[in-house]
Amino acid sequence: MDADAGHRTTLEGQLMKIGIIGAGNIGGNLTRRLTALGHDVSVANSRGPETLADLAEETGATPVTAAEAARGAEIVVVTIPLRRVPGLPSGLFDGAAEGFAVIDTGNYYPKERDGRIAAIEDDGLTESRWTEQNLGHPVVKAFNGTLAQDILAMPRPAGHPERIALPVASDDETAKARVRALIDELGFDTVDAGGIDDSWRQQPGSPVYGLRADVDGVTKALADASPERRSDFRA
């Protein structure tokens with residue numbers, strides 16, 4: 001966390017090509033919002049492009065396979081169950097735009113969904129560090145504690161008293177700045193939550209997880225986090 005909390009960089013007038021891998025609640029609503037803002041969005045899921053016809057018709061996004069989602073993309077959003085990350089296609093980011101950023105929205109739910117991941121449980125890796133290692137590319141952790149419906153219902157203009165803030169963590173400061181600018185465009189403030197090894201502060205069970213608060217509230221919640229993983233989020 002730093003004094004840059006609440007920093008905003010405008011992307012006004014700069015439309016991007018964005019690839020979204022995962023069309024669940026978060027991926028679907030990001031597709032809706034980003035296409036509405038005019039971005040060129042490609043979206044993939046695990047079942048094939050033909051199953052995304054309704055979302056494509058609704059939003060104008062292009063349904064693709066996971067292997068195609070990053071082609072030409074300036075930002076790639078990986079929003080799939082953690083356990084499926086190692087099974088993503090090899091060469092996933094081949095053909096992505098130079099300097100592309102990867103957003104990781106993932107969370108580790110060992111009891112309900114993902115099973116036990118030893119590198120997280122035993123070696124102490126943060127969820128996003130594990131994801132980063134499996135993807136072979138730096139990530140920006142964002143949206144992991146955001147309620148999916150809030151992506152549609154909670155955007156507010158800058159300075160609005162009800163505008164909420166999202167924590168954003170990454171080791172790549174350039175990618176982090178780009179993602180923070182995109183989140184600003186989506187209608188949310190951001191708080192710099194540090195690097196990927198600090199991203200335990202926003203993992204499930206932390207005070208900021210699922211929190212609807214402004215910059216000050218999010219900053220305090222990050223500071224109040226404990227590195228001890230709660231038992232209900234351990235295998």
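The values are calculated or read from the model by the stated rules, or taken from the named source; none is laboratory data. Since this is a predicted model, take the numbers as computed values, not measurements. Every residue, glycine as well, gets a Cβ built from its backbone with ideal geometry; the counts of neighbours run over all protein chains shown. Heavy atoms of the whole protein, side chains included, go into the accessibility calculation; ligands, DNA and RNA do not. Shrake-Rupley method; radii C 1.70, N 1.55, O 1.52, S 1.80 Å.
If you check Gly99 against the conditions, is it touching a strand residue (DSSP E or B) at 6+ places or on another chain (Cβ under 9 Å), of a type in the set (Gly, Ala, Ser) and within 20 Å of Lys141 (Cβ to Cβ)?
When the stated conditions are applied, Gly99 does not pass them.
Looking at Arg163, Arg234, can you tell me which residue is touching an Asp or Glu at 6+ places or on another chain (Cβ under 7 Å), more than 25 Å from Leu15 (Cβ to Cβ) and of a type in the set (Lys, Arg)?
Answer to the check: Arg234.
Can you list residue pairs whose Cβ atoms sit under 9 Å apart, with the first residue in segment 56-67 being within 16 Å of Leu37 (Cβ to Cβ) and part of a helix (DSSP H, G or I) and the second being open to solvent by less than 40 Å² (accessible area, probe 1.4 Å) and among the small types (Gly, Ala, Ser)? Count only pairs 6 or more apart in sequence or on different chains.
Thr59/Gly28
Would you be able to say whether some residue in segment 223-233 is touching a strand residue (DSSP E or B) at 6+ places or on another chain (Cβ under 9 Å), over 19 Å from Ile26 (Cα atoms) and among the charged types (D, E, K, R)?
No - not one qualifying residue is present in segment 223-233.
Considering only segment 214-228, state which residues are in a loop (DSSP other than H, G, I, E, B) and open to solvent by 20 Å² or more (accessible area, probe 1.4 Å).
Passing the criteria: Asp214, Ser226, Pro227, Glu228.
Is it the case, given these coordinates, that Gly187 is modelled with pLDDT of 95 or more and open to solvent by less than 20 Å² (accessible area, probe 1.4 Å)? So that I can check it myself, show each step before the final result.
Numbers: modelled with pLDDT of 95 or more: yes; open to solvent by less than 20 Å² (accessible area, probe 1.4 Å): yes.
Criteria met by Gly187.
Assess whether Asp104 counts as being under 23 Å from Ala165 (Cβ atoms), touching a residue at least 24 places away in the same chain (Cβ under 8 Å), surrounded by 17 or more Cβ atoms within 10 Å (Cβ to Cβ) and not aliphatic (A, V, I, L, M).
Here the answer is yes, as Asp104 does meet what is asked.
Restricting the search to segment 156-171, which residues are surrounded by fewer than 16 Cβ atoms within 10 Å (Cβ to Cβ) and touching a residue at least 40 places away in the same chain (Cβ under 8 Å)?
Of everything in segment 156-171, just one residue is surrounded by fewer than 16 Cβ atoms within 10 Å (Cβ to Cβ) and touching a residue at least 40 places away in the same chain (Cβ under 8 Å), namely Ala158.
I need the full set of residues from segment 176-213 which are among the aliphatic types (A, V, I, L, M) and part of a helix (DSSP H, G or I), in order please.
As a first pass, look at segment 176-213 and keep what is among the aliphatic types (A, V, I, L, M): 177, 179, 181-183, 186, 191, 193, 196, 208, 211, 213.
Within segment 176-213, Ala177, Val179, Ala181, Leu182, Ile183, Leu186, Ile196 meet the criteria.
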